[in-house]
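We did not get these values from a lab; they are worked out from the coordinates using the rules stated. If you're wondering where the values come from, they're calculated on a predicted model, not measured in any experiment. Cβ sites come from the backbone with ideal geometry, for glycine too, and all protein chains shown count toward neighbours.
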Amino acid sequence: MEYITVTTPENFEIQYRCAGLGSRMAAAAIDGMVIALAVAITSANIVFFAKIGENARVENWAGAVWIIVTFVIVFGYFIIIEYLTKGQSLGKRIFKLRAIGAGGHNITLRQSIARNLLRNFVDVYGVGIAMMLCANHHKRLGDFVAGTVVIDESAIEFKRCEISGVRSFTIVGQTLSDAEYDALYQYFKRKDGFTGGGEKLKRELISYFSRKFDARQDEESLRDVLASNRR
């Protein structure tokens, strides 16, 4: 298994386990079935309405609409879904995978476009599988170009905190542990003394806990999580 580690300016270290080839292919297979189902349903509806019209002009328009809609579904599914869900297509969500920026941040629209256009035009022809087998962190060409990596969310770890006065901790799992509570408590207690007010650390905490609890992406949501789990 391969890992990547992101260290914030305040020495807050987060470790991610890279998704393996098997789980990524399984997720891609599910996404492929979703796309195929969407295209099949769209095609059936277009054919139905074209038959109702029983007109050559209507059938020509139906053919054009089918081409456009199919193109949008096939090429837009990953781009739109991964951007809106912060790196998770349906297949990735089922297998607890997520595409993130190499620095640990949520992927941007530009990154989603880059990695998924290359998926459809290059990686789909076997290049992606070959690169994932050989490259570090199981990256395909789209990941290299976009600056992204796919991680296994079930194994995210806040590995170490070396800020003076804050004890080391490890966070693993899906429930709010004592260590997670301590991380939030120490952040709010000491944030005014962090470099730059701890903005980078705040973003990392918000990113982690908002994904875990499907919460709002703001500092208030961190306060809510802390308050609801008061020790």
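Tabulated data
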item	result
Whether the stretch 19-155 is rounded, prolate or oblate, judged on the alpha carbon gyration tensor where a/c under 1.5 counts as rounded	prolate
Burial ordering of 82, 219, 204, fewest other beta-carbon atoms within 10 Å first	219, 204, 82
Exceeding the 29 Å Cα-Cα cut-off - candidates 191/212; 96/189; 86/200; 86/202	96/189
Neighbourhood charge, 10 Å Cβ-Cβ cut-off, centred on residue 23 and excluding it, Lys, Arg +1 and Asp, Glu -1	+2
Which of 83, 100, 130, positive extreme of dipole for the stretch 38-136 (C-beta unit charges)	100
Fully extended contour minus Cα-Cα distance, from residue 110 to residue 38, at 0.36 nm per residue	23.5 nm
Stretchable slack from residue 219 to residue 51, in nm (0.36 nm times residue separation minus alpha-carbon distance)	55.0 nm
Environment charge at residue 99 (Cβ cut-off 9 Å; Lys +1, Arg +1, Asp -1, Glu -1)	+2
